């Protein structure tokens, strides 16, 4: 097993230590040598620390309502296929299923993320987790509670959390919440808010995570643009 661990975890740095490394290490220990027989040493199961943190926190969100839905597993699988390819996905899902069996100390995991992950990547993480929670068509109250806990614990401020939340849970004021302004904001304030949010959520902010996360970053950025265009249309701004 040690030989497998060298290349499976070879891309990790800070995530190897602390609670995240412990969770992944325990999951690996639960997979038999037989389970690894189709793996190739030219591939890395976890290419970076962000991927490791994402796996663990995805499991925490999925376990929030004490049930793991097929739609949630499908979301994780589709995300892996889209970003890493079919073959690597098979291997990651094997590891992910073992992580799901564990009790996850959210506070400890989030503290490790807060200390080691930059602010823009933490926003990306929350957006990805909301996408997972909404994969069955809605975000349940227990899932929302866990998402709120994770957001606070990793150091995402309340306004940014509400902005991302509004991208998935729609109401009549969602566009304003996404841009973090009140409905009473002037047109000049609207324009300034858009520029600020466009800069904060620009995909270039997370380019260091690798190309595999750029599609989600682009989707997040598009929601900022869509909110701005919606408000401009409502106000008759050309």
**Prompt:** Taking the alpha carbon gyration tensor of the stretch 61-102, what are the square roots of 5 times its eigenvalues, largest first, to the nearest whole Å?
**Reply:** 19, 12, 6
**Request:** Take each of the peptides 160-169, 134-143, average the number of other beta-carbon atoms within 10 Å over its residues, and list them starting from the highest.
**Result:** 160-169, 134-143
**Prompt:** In cubic angstrom, how much convex hull volume per residue do the alpha carbon atoms of the stretch 119-238 span?
**Reply:** 106 Å³
**Message:** Out of all Cα-Cα pairs in the stretch 73-134, roughly what percent, to the nearest whole number, are more than 19 Å apart?
**Reply:** 45 percent
**Centre separation in Å (Cα based) which lies between the stretch 127-187 and the stretch 89-122** = 20 Å
**Prompt:** When ranked by the protection proxy of mean other Cβ atoms within 10 Å per residue, highest first, what sequence do the peptides 50-61, 97-108 form?
**Reply:** 50-61, 97-108
**Message:** Based on the alpha-carbon set only, what is the convex hull volume of the stretch 2-235 divided per residue, in Å³?
**Reply:** 116 Å³
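Quick note: the coordinates plus some simple rules give every number you see, no bench work behind them. Please read all numbers here as calculations on a predicted model, not as lab measurements. Virtual Cβ from ideal backbone geometry, glycine too; neighbours counted across all protein chains shown.
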